[in-house]
Amino acid sequence: GRIQIGSIDWSLRDLPTIARGGWVPIELRNVTVWDAHPERQIGDQMVVDLAAPRAKLLEVPRITAEIDAHALLFGNHDLVFRTVTVHGGWVRLVETLEPYPLHDWDKVIVSLVSAFYPRMKPGFRAGIFASAPPPIFELRDINLRDVDLEGYFTPYGTPEAPAFMSTL
């Protein structure tokens, strides 16, 4: 996927918190997320359509949150957020194929994070991939305020005719 952030603001008064560890308040402005792997249905299967333009999944003017400074700076460089509040804008949730199913019935996923899944071929991985886990992206709690929500779920909705539209 692709993410664009206009600015990330935090206060210099939080430097002691960064040094000793703890939660640092941040504010993101003009956040946009695009899906990197547009998919379309051919028969019973969803296939990646590399010729299709990327779908915009999220566009919000302002997000406030707290980030765990030491998780970001040290160790695995994890991004751990809490008290995430999305102020206005819109979100599009699209049902897509689960690229790495854990079970036979695990066929689809509805998630913004799935836009950032790497597309790997199934198979055994060894070496650096097996030795260390990737960085964590964790959202502890999310609050949506005045956000328009669109949902596209098969067989109920398509981008031309959404399954539902709502304002949260």
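The values are calculated or read from the model by the stated rules, or taken from the named source; none is laboratory data. Remember, predicted model here, so these are calculated numbers, not experimental data. We place every Cβ from the backbone using ideal geometry, glycine too, and count neighbours over all the protein chains shown. Ligands, DNA and RNA are stripped out before the accessible areas are found, and what is left, the full protein with its side chains, is counted by its heavy atoms. Shrake-Rupley method; radii C 1.70, N 1.55, O 1.52, S 1.80 Å.
Express in nm, to one decimal, how much length is gained between Leu79 and Arg20 on full extension, taking 0.36 nm for each residue of separation and deducting their alpha carbon distance.
Stretched out fully, the Leu79 to Arg20 stretch lengthens by 19.5 nm.
Calculate, in nm to one decimal, what Trp105 and Asn143 gain on full extension: separation in residues at 0.36 nm each, minus their alpha carbon distance. Could the numbers behind the result be given before it?
Values: separation 38, 0.36 × 38 = 13.68 nm, distance 3.05 nm.
Working it through step by step, the gained length comes to 10.6 nm.
Could you sort the peptides 57-69, 77-89 by per-residue average Cβ neighbour count (10 Å cutoff), highest mean leading?
Working: 57-69: 18.6, 77-89: 16.1.
Result, highest mean first: 57-69, 77-89.
Counting Lys +1, Arg +1, Asp -1, Glu -1, what net charge surrounds Glu98 among other residues with beta carbon under 9 Å of its beta carbon? Intermediate results must be reported in sequence, preceding the final value.
Numbers: positive: Lys107; negative: Asp106.
Net local charge, Glu98 excluded: 0.
Give me the 1.4 Å probe accessible area per residue for the range 70-111, excluding ligands and nucleic acids, in Å².
Normalised by residue count, the accessible surface of the range 70-111 is 59 Å².
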